[in-house]
Amino acid sequence: MRFSLFMQPVHALGENPTLALERDLESIEWWDALGYDEVFIGEHHSSGWETIASPAIMIAAAAARTKRIMLGSGVVPLGLHHPLYVADEYVLLDHLTRGRVILGVGAGGGIPSDPYVVGVEASELQPRFAAAFDAMMRLFESTEPFSVETEWFRLREAVLQLRPYTSPSLPLAVVTGKNPETLAKIGRHGAIWLTALPPSDVSEAWSMVEAGAAEAGRTADRGQIRQNVIMHIAETKQQALDDAREGA
């Protein structure tokens, strides 16, 4: 079993934002020292409390202050980003961190106002994600230039200008619940599955990952499941309950 942490992060309204970001980085330093395996850093653009706009920038800052912990995006909303820019940026990080980066992606919309403020309808997110994901994986897996045109982005004779440091490619993580197409993609590419499904629902969804893996001639590895469990730790159970009520 591996232990990961998911840093949305949540900052208290009215808190000094500079100090809050510094605390985030100090927390990652502690998790590195304490032996945690991974930390995933969220991306949002429209809230007053989840205020990291670029996991890549935070990963770069954290990498300079840590030694061994893997640093992941949790997640890049691929339905809102051009796939070439995402692939290029995280391959660069793969080199700068000497292989300590995980590219985590999803459709976007965890905070519904994120796609709203840039004029993307919620119904567009999944098809945009699917198109961008397929193009991004082709960039990672092929060294031949290719062109593609979708309803929202174009690639013309595109190829990565820098191959990944990690062979054959940097680790990939995908967030989804029960979307069959996305689960199949996870299996097909051997990606990490980020999920907040109740444990009782994981086995059923995992069968779709296994089916996708079998299509690609792979064997799905349950070690690639990252099950999100929300915890709050305090000195006593009563203090934890009081803290949670105040926070809510």
If packing is taken as the average number of other Cβ atoms within 10 Å across a peptide's residues, how do 236-242, 191-197, 161-167 rank, most packed first?
191-197, 161-167, 236-242
Reference-scaled alpha-carbon Rg (2.2 N^0.38 Å with N residues) for the chain:
1.03
What percentage of all Cα-Cα pairs in the range 136-196 are separated by more than 15 Å?
59 percent
With θ set to phi - 60°, apply the Karplus curve 6.51 cos²θ - 1.76 cosθ + 1.60 along the range 39-56 and write out the HN-Hα couplings as whole Hz, x wherever there is a Gly or Pro.
9, 10, 10, x, 9, 8, 9, 8, 10, x, 10, 9, 9, 8, 8, 9, x, 4
Residue-normalised accessible area of the chain, given per residue in Å² at a 1.4 Å probe
55 Å²
Going highest first, how would you order 219-225, 146-152 by mean Cβ packing within 10 Å?
219-225, 146-152
Alpha-carbon Debye profile of the range 1-69, log10 I(q)/I(0) at 0.15, 0.22, 0.26, 0.27 Å⁻¹:
-0.46, -0.95, -1.23, -1.29
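Once you have a ≥ b ≥ c as the square roots of the Cα gyration tensor eigenvalues for the range 40-87, tell me rounded if a/c is under 1.5, and otherwise prolate or oblate according to whether a/b is larger than b/c.
In terms of gyration-tensor shape, oblate.
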Calculated SAXS-style log₁₀ I(q)/I(0) at q = 0.16, 0.19 Å⁻¹ - the range 113-248, Debye, Cα scatterers:
-0.99, -1.17
Where a Cα-Cα gap under 16 Å defines reach, which aspartates and glutamates qualify for Lys67, not counting those fewer than 8 residues away within the same chain?
Glu26, Glu29, Asp32, Asp37, Glu38, Asp94
When all Cα-Cα pair distances of the range 1-146 are considered, the percent exceeding 24 Å is 35 percent
Among the aspartates and glutamates, which fall within straight-line cross-link reach of Lys178, defined as a Cα-Cα distance under 17 Å, with same-chain neighbours fewer than 8 residues apart omitted?
Asp201, Glu204, Glu210
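Which of rounded, prolate or oblate describes the range 96-181 when judged by the alpha-carbon gyration tensor and an a/c cut-off of 1.5?
Details: a/c = 2.10, a/b = 1.38, b/c = 1.52.
The shape class here is oblate.
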Charges at C-beta only: +1 for Lys and Arg, -1 for Asp and Glu. How large is the resulting dipole of the chain about its Cα centre, in Debye rounded to 20?
620 debye
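The values are calculated or read from the model by the stated rules, or taken from the named source; none is laboratory data. The structure displayed is predicted, hence computed values, not measured ones. FYI the Cβ positions are ideal-geometry reconstructions off the backbone, even for glycines, and counts take in every protein chain you see. The protein model used for the area step is the full one, side chains on, heavy atoms only, and it has no ligands, DNA or RNA in it. Shrake-Rupley method; radii C 1.70, N 1.55, O 1.52, S 1.80 Å.
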